[in-house]
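Please treat every number below as a calculation from the coordinates, not as lab data. Just so you know, these numbers come straight off a predicted model, no measurement behind them. Positions of Cβ are backbone-derived with ideal geometry, glycine not excepted, and every protein chain shown enters the neighbour counts.
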């Protein structure tokens, strides 16, 4: 089953890391990613740009386009992993491995229901 591991952290704190600090964290994360890749379990991984680059579409009538994120929160969604795991316990172990490599924040783990365009009967 696919699991999304959503990475939350304080965007200002992460954004204040030096290039060296950021590179050190990314190097540690690469070890976890390489392990998962070798096992054939790693799907797409994305590091999102800051919320200052976000645009939000409010589903009002008429729809309204806003600069920035929809909600202000203490921690922002900074990226995600898609990982193939047997069950939630295995997904939690992957999140723990990622957590040991990346200081602070939180990981939200969600099962993923896939949608393949064209696969839904007409």
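Brief remarks on what is shown
- Candidates 53, 24, 101, ranked by Gaussian network fluctuation over the chain, Cα under 10 Å, top entry: 53
- Rounded to the nearest 500, the 222 nm mean residue ellipticity of the chain from helices alone is -10000 deg cm²/dmol, with -39,500 (n - 2.57) taken per DSSP H run of at least 4 residues.
- Gaussian network model of the chain, Cα within-10 Å springs - most flexible of 31, 112, 65: 65
- Of 15, 43, 79, the one that fluctuates the most in a GNM where the chain has Cα springs shorter than 10 Å: 15
- In a fully extended conformation the segment linking residue 88 and residue 75 would gain 2.4 nm over its present Cα-Cα distance, using 0.36 nm per residue.
- Extended-chain gain in nm, criterion 0.36 nm per residue less alpha-carbon gap, residue 59 and residue 31: 6.0 nm
- Across the chain, the relative contact order, built from alpha-carbon pairs under 8 Å that are at least six residues apart, equals 47 percent.
- Centroid-to-centroid separation of the stretch 80-122 and the stretch 9-56 [C-alpha atoms, Å]: 15 Å
- log₁₀ of I(q)/I(0) at q = 0.21 Å⁻¹ - the stretch 1-70, Debye sum with one point per alpha carbon: -1.03
- Whole-Å semi-axes of the chain's equivalent ellipsoid (Cα gyration tensor): 26, 24, 12
- Projected label distance in nm at residue 45 and residue 115, using a 7 Å step from Cα toward the beta-carbon: 2.7 nm
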